[in-house]
Amino acid sequence: MTTTIAHEARVRVLDKTRVLVFALKAGGTAKTSSCTSLAAILGARGYKVLVIDLDPQCNSSQVLGYGKFRPGQKGITDVMKEDVELQDAVFPARYLVDDIDPDDPDAAYELIENVFIVPGNVDDPDIDETERLLNDPKYADSYWIRDGLADMDGQWDAVLIDCPATYGRATVTAFVALDKNVDGEVIPPILCTFKEGGALVRLEKKLQEIRDLRKYAVKGIQPRMKNILVCCAPNSQFGMAEHRRTLAEIQEEYSDQLLPLVHWSGEVPKIYRDECPVPILVPNSMPAQEYNKVATALGFPRRAA
């Protein structure tokens, strides 16, 4: 991270950093599209945002401009191996605006205002070995994200963590970052199928297990699911009886925790090919408008210029 970037990222508006962990033990539930969409919206609203990509698929990294690393660039696995500190693997988020020139690939991107990322390198052989790395005593322990954020205290209004679809060591380290020094929560993005409904129960059980462990409790680590984000909600163009039935069940069971719905849209899958988050790629689309409502419901109003 250059001196200029570090200076730009140093002013926090909020009294406490908000840490939002996007996690659910189910694949394809819109964790990445939700994480990157909200990051872009919060940045545009004037908040300093850091995204941490823990998923070995590195999808948030691709959407935010780092589908390919330049030679020597550091990423999330370098932090796990303790080759660099978390703050030394922070890069400005960006989106693709032009064809990539192999001689000057960075020229094809524009920066995303106020948004930064600790990216994962999908071509790094170690990216699929993160569980092994984090279980090896010679590498980072369970507190590496928590401690890394503490080292950057005061820099970020919001830290958004995109987790893999497991509750392995990588995801647990994100949960462990939710201590008394931050305003944090786990947000599960879910689809409207019975599978995801059951996954919510398992998530609550996992968070309770962590809260019950004394080694975490004495440090004020109390991860909780405060809000639920329903994505690909059925609408007039999408959804069968099963989707509507599951949505009704979720609304009944979790009515006081539901964020504004994000309905199905064919625009969302384009973010990977176009390397651009939804609110920038299609700012007037239904999902962009709905993610703006989610940001407001989470307590991030637009800041005065």
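The values are calculated or read from the model by the stated rules, or taken from the named source; none is laboratory data. None of these values were measured; they are calculated from a predicted model. Cβ placement follows ideal geometry from the backbone for every residue including glycine, while neighbour counts extend to all protein chains displayed. Accessible surface areas use protein heavy atoms only, side chains included; no ligands, DNA or RNA. Shrake-Rupley method; radii C 1.70, N 1.55, O 1.52, S 1.80 Å.
For the pairs LYS48/LYS180; LYS31/LYS68; LYS31/LYS81; LYS74/LYS180; LYS74/LYS195, note any where the Cα-Cα span goes beyond 27 Å. Those over the limit are LYS74/LYS180; LYS74/LYS195.
From its DSSP helices (H runs of at least four residues, each -39,500 (n - 2.57)), the chain gives a residue-normalised ellipticity at 222 nm of -10000 deg cm²/dmol. Near ILE190, the amide H atoms lying under 5 Å from its own belong to LEU229, VAL230, CYS231; only residues 5 or more places off or on other chains count, and H is placed 1.01 Å from N. Based on protein heavy atoms only, region 177-305 ends up with 52 Å² per residue of surface accessible to a 1.4 Å probe.
At 1.4 Å probe size, with the rest of the protein present, what percent of the exposed accessible area of the chain is carbon and sulfur atoms? Write down the numbers at each step before the final one.
Values: 6530 of 13650 Å².
Using a 1.4 Å probe with all protein chains present, the chain comes out at 48 percent carbon and sulfur.
Applying the Karplus relation 6.51 cos²θ - 1.76 cosθ + 1.60 with θ = phi - 60° to region 256-261 yields 3J(HN,Hα) values of 7, 10, 6, 7, x, 5 Hz, where x marks Gly and Pro. Relative protection proxy for 36-46, 187-197, from highest mean packing down: 36-46, 187-197 (other beta-carbon atoms within 10 angstrom). log₁₀ I(q)/I(0) of the chain at q = 0.07, 0.15 Å⁻¹, via Debye over equal Cα point scatterers, no solvent, to two decimals? The Debye formula, applied to the Cα set alone, gives -0.24, -1.22.
What is the Cα centroid distance between region 95-115 and region 18-64, reported in whole angstrom? Taking the Cα centre of region 18-64 as reference, the centre of region 95-115 is 19 Å away.
With a cut-off of 8 Å between alpha carbons and a minimum separation of six or more residues, what is the relative contact order of the chain in percent?
Answer for the chain is 26 percent.
The figure for ARG146 is an accessible area of roughly 50 square angstrom, using a 1.4 Å probe on the protein chains alone. Pairs with C-alpha atoms separated by more than 27 Å, drawn from the list LYS270/LYS293; LYS205/LYS270; LYS205/LYS293; LYS16/LYS270, are LYS205/LYS270; LYS205/LYS293; LYS16/LYS270.
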